[in-house]
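Peer 1: Below are the structure tokens for one structure; questions will follow.
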Amino acid sequence: MPAARPASEVRTGPQLTRSRSALTDVPSVARVRESRRPVRRTPGRPGAMRTHTPATVRNLGILAHVDAGKTTVTERILYATGVTHKRGEVHDGTAVTDFDPQERDRGITIFAAAVTCAWDSHRINLIDTPGHVDFADEVERSLRVLDGAVAVFDAVAGVEPQSESVWRQADRHGVPRIAFVNKMDRAGADLDAAVDSIRRRLHPAPLVVQLPIGAEGGFTGVVDLVRMRALTWADGAEAAERGPVPEELRAEAARRRHLLEEAVAERHPAALEEYCDRGTLGDGTLTAALRDLTRSGDGVVVLCGSAYRDRGVEPLLDAVVAYLPSPLDVPPVRGTHHGEERERAADPDAPLAALAFKVQATATGRLTFLRVYSGTMEKGDTVWDATTGRGERIGRILRVRADRHDPLERAVAGDIVAVVGLKGTRPGATLCAPDAPLVLEPPGTAEPVVHVAVEARRSTDTGRLASALARLAEEDPSLVVRTDPETGQTLLSGMGELHLEVAAERVRREHGVEISVGRPGVAYRETVGTGVSGFGYRHVKQDGGAGQFAHVVLDVAPLGPEEPEKPGGPGEPGEGEGFVFVSAVTGGRVPQEYVRAVEAGCREALAEGPLGGHPVTGVRVTLTDGQTHVKDSSDTAFRTAGRLGLRDALRACAMVLLEPVVEVTVTVPEDTVGGVLGDLAARRGRVTGSRTRAGAAVVTATVPLAELFGYATRLRGRTQGRGTFTARPTGYAPAPAPTPTPTPAPAVRAG
Ligand SMILES: Nc1nc2c(ncn2[C@@H]2O[C@H](COP(=O)(O)OP(=O)(O)OP(=O)(O)O)[C@@H](O)[C@H]2O)c(=O)[nH]1
């Protein structure tokens, strides 16, 4: 579960900045339609795909709430593009992108899978991301390397909490999106209601380009409002049947086309001009305007279909090619070298710059997934890992195509490939040309919020357990392994209960180590309730050699909710954790370099609060006075005074323990809602809303994360397996007294 982000970071769609218009390099919808057929069901052969320039590449992510149908959409895309020859299903464990045994057992996506396919002479590098909130970090890393995304929604549920979270994540990364309202075959499916929820909760300008033909079980196709023709799919048909708009839908289709033209003209100057001149928009203008609005984030094209019944996937692929940007349409990537900013455009002839976004141990070896931003990388090249400061050799370059990999001689700017042979490159690292180094901004990593103690069941396995955990943490930066200083236990921390369960299971299955896992505990924090003023601390050391002298006077206060925090330098404790440091010292009583040393010392003190050694957040420290010694004062002395001074000042403050809190959305049959509400109350949950949807009760509540352990099992029991819930982090809130013990319980559950 990622730490809550400041509201100021959340940007809405219209403010996307990455896109820039490229009216010339994307084929018209007409051309797309005429030429797309040859790739359908074409048997994939190594090297069969033609050489692509960056303009014909789409780096695409599939994003959604858990169970909206991302994996099924991905499977149908792979089938439609001829990568697979059989429709994989999530429920029978045959989905290609859910290749991990645990994904197949659990029926969910855990690891972002990258696969490549071709559509209408374009290469689509596709990433199916996990929908469960525990794997939001995996989504974050994927979003960092994507140029566009398809957001999948359930036509019955509309926008769900996790769809909102991933939408905001995509906003932060400036990733243009199109929306696919899936499951149109389900009872209660309602495109208009789903679009309305997109408008209310995600984006003010959903641009609906299709009209469904038939509803629920009778959903058989769509009217394409751009070309004004019908696409229908007969049961088991390999491809869409095209034809004129059915008579009974003509008036409605014309009305909706008119609404679409109006909405587009309102937002696109060239379209507005044509609309004013002619009172209507030509298909070409409409397509070009939809592409511009998608790329600028000013509109979201909405399509619909039923992935499960293989209806609506080809127009979705057409829309990906027509509207989403190529690597050339996004701004150059930025990096730094020795503090100096550098930019790299998607030019195959520029120096190499690539970002590793995923590391995966496979039977083929350690695969490192790379997004190549600029330059060309050849098999056998030696490249520079600017993050570790080491050279790495590119052993093999692979194009990942479903469950097999095609060898490549080279990868060029704009591409996503996997590489074998990199020894120390971790997710987030930059690989670049040795003579043109730069470090690209790595994807953000959230703070782990849940931990468990793990222990090898056989003492002879202790070493193997340590190396297995180290391997897992290397692949997944949101897993952290450390030793509890008090108990000596090995603690594994992650984003949630499911995240840790999956990690423990991988230790057992992939590394063959039997382990015991303790009860989960949450990561607490501490904050200042009531502060102190004029707290003095004198650091004096005189032991023979040069002495140390520093005197500081500190005011410590809670940080107001509106105060902008001042993030620390990389790797410093307290970074981004709600800490403001101000110097109010006058008359040069403490020179500027010592003030900086005091601030650095204070940051160190934030690592362990007085209540239980938890990180301290939400603190404002003011250095009000101080004293130096002509000979014995130094940076070191003032840093120590800052650290020990704030440590003692915090002990004098009234501190508050904080615990992570999540918002849960529980969907249950209406006859079980009473018991579910009672159970939420017993878990210190605060109900914030309840409604009914298609015969089910949907309850939202904020609940302390510590109370949610085991909730999935309890909910299943209470609702005879019919209840589901999702959770999303909302930040930290005061934990009740008495203070919970932060140290996890000893290992009790056998593995
Ligand atoms: N009726 C219907 N069911 C669908 C459709 N698409 C997917 N499903 C079913 O919905 C369930 C969830 O689908 P997935 O593709 O696993 O959804 P997901 O979003 O990838 O879920 P996670 O991987 O767990 O995040 C599966 O049982 C699918 O068979 C659809 O168009 N219609």
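The values are calculated or read from the model by the stated rules, or taken from the named source; none is laboratory data. Source: prediction; values computed, not measured. Don't worry about glycine lacking a Cβ; one is built from the backbone with ideal geometry, like all the others, and counts go over all protein chains shown. For accessibility, only protein heavy atoms count, side chains too; no ligands or nucleic acids. Shrake-Rupley method; radii C 1.70, N 1.55, O 1.52, S 1.80 Å.
Peer 1: Quick one: accessible surface of THR527, probe radius 1.4 Å, all protein chains present, in square angstrom to the nearest 10.
Peer 2: So the heavy atoms of THR527 present about 20 Å² to solvent.
Peer 1: Express the accessible area of segment 319-410 per residue in Å², computed with a 1.4 Å probe while the remaining protein chains stay in the model.
Peer 2: Numbers: 3820 Å² over 92 residues.
For segment 319-410, the per-residue accessible area is 42 Å².
Peer 1: List every residue whose amide H lies under 5 Å from the amide H of LEU225, counting only residues 5 or more places away in sequence or on a different chain, with H placed 1.01 Å from N in the peptide plane.
Peer 2: GLN210, LEU211
Peer 1: Can you compute the equivalent ellipsoid semi-axes for segment 169-224, i.e. the square root of 5 times each eigenvalue of the Cα gyration tensor, sorted largest first and rounded to whole Å?
Peer 2: On the way: eigenvalues 117, 27, 21 Å².
Here the semi-axes work out to 24, 12, 10 Å.
Peer 1: Another question, if that's okay. If you count only protein heavy atoms and use a 1.4 Å probe, how large is the accessible surface of ASP461, to the nearest 10 Å²?
Peer 2: Its accessible surface works out to 10 Å², give or take rounding.
Peer 1: With only alpha-carbon pairs counted, each pair once and no self-pairs, how large is the Kirkwood hydrodynamic radius of segment 256-330 in angstroms? Each step should come with its number before you reach the end.
Peer 2: On the way: mean 1/r = 0.0753 Å⁻¹.
For segment 256-330, the Kirkwood estimate is 13.3 Å.
Peer 1: Rounded to two decimal places and with Rh computed the Kirkwood way over Cα pairs, what is Rg over Rh for segment 219-301? Intermediate values should be presented prior to the final figure.
Peer 2: Values: Rg = 14.4 Å, Rh = 13.9 Å.
Result: Rg/Rh = 1.04.
Peer 1: A further question on this structure: Please compute the alpha carbon radius of gyration of segment 287-428, then divide it by the globular-protein estimate 2.2 N^0.38 Å. Two decimals is fine.
Peer 2: Working: Rg = 17.9 Å, N = 142, 2.2 N^0.38 = 14.5 Å.
So segment 287-428 has a normalised radius of gyration of 1.24.
Peer 1: Something else about it: At a 1.4 Å probe radius, carbon and sulfur cover how many percent of the accessible area of segment 216-299?
Peer 2: Working: 2040 of 3860 Å².
That share works out to 53 percent.
Peer 1: Test of understanding: what is the full-extension gain from LEU249 to THR388, defined as 0.36 nm times their sequence separation minus their Cα-Cα distance? Can you show the working numbers first?
Peer 2: On the way: separation 139, 0.36 × 139 = 50.04 nm, distance 6.11 nm.
So the chain would gain 43.9 nm between LEU249 and THR388.
Peer 1: In debye, nearest 20, what is the charge dipole magnitude of segment 340-422 about its Cα centre with +1 on Lys and Arg Cβ and -1 on Asp and Glu Cβ, if you could check? Don't jump to the answer; show the numbers that get you there.
Peer 2: Numbers: 13 positive and 13 negative charges, 94 e Å.
Dipole magnitude for segment 340-422 comes out near 460 debye.
Peer 1: Another question about this same structure. Subtract the Cα-Cα distance of THR586 and ALA215 from 0.36 nm times their separation in residues, and report this length gain in nm to one decimal.
Peer 2: Numbers: separation 371, 0.36 × 371 = 133.56 nm, distance 7.38 nm.
Taking 0.36 nm per residue and subtracting the Cα distance, the gain is 126.2 nm.
Peer 1: Can you pull the percent of segment 583-661's accessible area that's carbon plus sulfur, 1.4 Å probe, other chains left in place? Could the numbers behind the result be given before it?
Peer 2: Working: 1500 of 3320 Å².
Percent of accessible area from carbon and sulfur atoms in segment 583-661: 45.
Peer 1: Taking 2.2 N^0.38 Å as the expected size of a compact globular protein, what ratio does the Cα radius of gyration of segment 383-483 give against it, to two decimals? Intermediate results must be reported in sequence, preceding the final value.
Peer 2: Working: Rg = 17.1 Å, N = 101, 2.2 N^0.38 = 12.7 Å.
That ratio works out to 1.35.
Peer 1: Moving to a separate point now. Going by average Cβ density within 10 Å per residue, which order do the peptides 349-357, 605-613 take, highest to lowest?
Peer 2: Values: 349-357: 23.2, 605-613: 19.1.
Going from most to least packed, we get 349-357, 605-613.
Peer 1: Here is a follow-up. Using a 1.4 angstrom probe on the protein heavy atoms only, line up ARG525, ARG393, ARG620 by accessible area, largest first.
Peer 2: On the way: ARG525 30, ARG393 140, ARG620 75 Å².
Sorted descending by solvent-accessible area, the residues read ARG393, ARG620, ARG525.
Peer 1: Identify, among ALA270, ALA239, GLY335, the residue whose Cα sits farthest towards the positive end of the charge dipole of segment 239-379, taking +1 on the Cβ of Lys and Arg and -1 on the Cβ of Asp and Glu, with the dipole about the Cα centre.
Peer 2: In segment 239-379, that residue is GLY335.
Peer 1: What is the Cα centroid distance between segment 206-232 and segment 367-395, reported in whole angstrom?
Peer 2: Going from one Cα centre to the other spans 45 Å.
Peer 1: With charges set only on the Cβ (+1 for Lys and Arg, -1 for Asp and Glu), what does the dipole of segment 582-673 come to about its Cα centre, in debye to the nearest 20? Walk me through the intermediate numbers first.
Peer 2: On the way: 9 positive and 12 negative charges, 145 e Å.
Taking the Cα centre of segment 582-673 as origin, the dipole is about 700 debye.
Peer 1: Roughly how many Å² of VAL420 are accessible to a 1.4 Å probe, to the nearest 10?
Peer 2: Near enough 20 Å² of accessible area.
Peer 1: Extent of segment 507-563 along each principal axis, from alpha carbon coordinates, in Å, largest to smallest?
Peer 2: That works out to 56, 45, 19 Å along the principal axes.
Peer 1: Taking the convex hull of the alpha carbon atoms in segment 447-488, what volume per residue do you get, in Å³? Show your work: numbers first, answer last.
Peer 2: Values: hull volume 3.4 nm³, N = 42.
It is 80 Å³ per residue.
Peer 1: Taking only Cα atoms of segment 389-436, what ratio of Rg to Rh do you get with Rh as the Kirkwood inverse-distance radius?
Peer 2: Numbers: Rg = 11.6 Å, Rh = 12.1 Å.
My calculation puts Rg/Rh at 0.96.
Peer 1: What base-10 log of the normalised intensity I(q)/I(0) is obtained for segment 232-275 from the Debye formula, alpha carbons as equal point scatterers, at q = 0.16, 0.17, 0.23, 0.33 Å⁻¹?
Peer 2: -0.63, -0.67, -0.79, -1.03
Peer 1: Another question, if that's okay. Take the Cα coordinates of segment 441-545, assign each an equal point scatterer, and use the Debye formula without solvent to give log10 I(q)/I(0) at q = 0.17, 0.18 Å⁻¹.
Peer 2: -0.78, -0.84
Peer 1: What accessible area per residue comes out for segment 164-227, rounded to a whole number of Å², with a 1.4 Å probe?
Peer 2: On the way: 1850 Å² over 64 residues.
Value returned for segment 164-227: 29 Å² of accessible area per residue.
Peer 1: Hey, what's the Cα Rg ratio for segment 576-688 versus the globular rule of thumb, 2.2 N^0.38 Å? Each step should come with its number before you reach the end.
Peer 2: Values: Rg = 22.2 Å, N = 113, 2.2 N^0.38 = 13.3 Å.
Here the Cα radius of gyration is 1.68 times the empirical estimate.
Peer 1: Same structure again: What relative contact order, as a whole-number percentage, does segment 447-570 give when Cα pairs under 8 Å and 6 or more residues apart are counted?
Peer 2: Values: 170 pairs, mean separation 32.5, N = 124.
Over segment 447-570, the number comes to 26 percent.
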